[in-house]
Amino acid sequence: MDAKLHFISGLPRSGSTLLAGILRQNPRFHAAMTGPVGALFGSMYNTMGATNETAVFLDEEMRKALLTGLFSTYYARQTDCEVIFDTNRVWCSRVPSISALFPRSKVICCVRDVGWIMDSIECLVRKNAFEPSKLFATTEERATVFSRVEALAHRDRLVGFSWSALKEAYYGPQSDRLLLVEYDILCQRPEEVLRLIYEFIEEPYFEHDFDNVEYSEENFDAQLATRGLHDVRRKVEHRPRATILPPDLFARYDNHGFWRDPKGSSAYRIVSKPPAAAAA
């Protein structure tokens with residue numbers, strides 16, 4: 001593909017859709033919410049492995065060509081865009097592969113304290129009080145705030161998988177491809193953050209309108225029975241509030257921001273300082 005390719009990944013409810021809504025104001029850029037490429041990539045990757053007996057006919061160069069062609073095919077209609085951002089939480093678990101396929105690509109990882117991620121999802125669940133969210137697999141998982149949070153935190157579920165994948169990438173050998181952006185800082189200082197993102201991806205800065213950012217995927221959210229999941233408010237701003245989670249439940253997931261500690265990682269970071277005790 002002719003366009004430059006970068007990735008948006010990280011944790012859920014941490015600003016990836018907001019960031020895409022801002023970036024897409026630039027006519028040179030294409031950005032959107034999580035799309036199908038990540039899942040297709042995983043399916044093709046697994047199909048080319050040892051579990052498929054016919055995979056013996058594929059050598060490494062053919063595997064690379066097939067995976068690269070997936071991006072070229074999906075984004076074939078974006079002929080007017082010079083830079084494409086593909087959004088998916090799975091990319092943090094695929095950094096070695098995408099680094100080999102697209103050596104110039106970067107990964108912008110949106111992050112947020114896990115307690116507030118759980119709080120944000122719980123707000124949506126309560127907002128859609130008459131629609132059982134498909135984020136949960138069973139009636140038992142949906143039963144209480146405690147069961148809902150526990151389900152989300154499991155290693156193969158929405159929050160648990162994303163957190164594990166991000167941690168893998170943060171401490172991995174290609175961590176210098178990552179830029180971690182905290183949600184609160186993006187909301188508080190959007191222009192400053194965007195200028196740093198442009199510098200990171202080595203693109204000339206575009207003057208964004210942070211008072212008129214619009215993005216939503218109503219049909220997608222409706223089929224998940226979680227309306228508002230990808231709605232972006234028009235004005236980028238920080239709106240502090242109290243958590244709706246029980247205090248002990250919120251405390252269980254608070255201060256899990258390993259990305260605030262630079263030791264052991266070469267990732268670039270737009271994050272708040274760690275607590276004094278953790279920094280000592």
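Structure values in brief
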| read-out | value |
| --- | --- |
| Residues residue 157 and residue 263, FRET efficiency given R0 of 25 Å [Cβ-Cβ distance, rounded to 0.05] | 0.30 |
| Ratio of the Cα radius of gyration of the range 4-279 to 2.2 N^0.38 Å, where N counts its residues | 1.02 |
| Label point 7 Å beyond Cα of residue 58 along Cβ direction - residues of the range 19-41 with amide nitrogen under 14 Å | 40-41 |
| FRET efficiency, 1/(1 + (r/R0)^6) with R0 22 Å, evaluated for residue 239 and residue 212 via beta carbons | 0.80 |
| 18 Å cut-off, amide nitrogen to a point 7 angstrom out along residue 140 Cα→Cβ, residues in the range 239-261 | none |
| Shape category assigned to the range 43-118 from the gyration tensor of Cα positions, a/c cut at 1.5 | oblate |
| Helix-derived mean residue ellipticity, 222 nm - over the chain, DSSP H n ≥ 4, -39500 (n - 2.57), to 500 | -11500 deg cm²/dmol |
| Antiparallel bridge percentage (DSSP; both residues within the chain; nearest 5) | 5 percent |
| Ranked 258, 130, criterion: other C-beta atoms within 10 Å, fewest first | 130, 258 |
| Between the range 165-202 and the range 5-79, the Cα center-to-center distance that results, in Å | 19 Å |
| Footprinting exposure proxy for 116, 163 (fewest neighbouring C-beta atoms within 10 Å first) | 116, 163 |
| Lys pairs under 25 Å by Cα in the chain, provided they are eight or more residues apart or on distinct chains | 10 |
| Around residue 186: net Lys/Arg minus Asp/Glu count, Cβ-Cβ under 11 Å | -3 |
| Ranked list, fewest to most other Cβ atoms within 10 Å of each Cβ, for 256, 6, 30, 238 | 238, 256, 30, 6 |
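Readers should treat all values here as calculations from the given coordinates under stated rules, not as data from a laboratory. Note that the coordinates shown come from a computational prediction; the quantities given were computed from them, not determined experimentally. Using ideal geometry, Cβ is built from the backbone for each residue, glycine included, and neighbour counts are taken over all protein chains shown.
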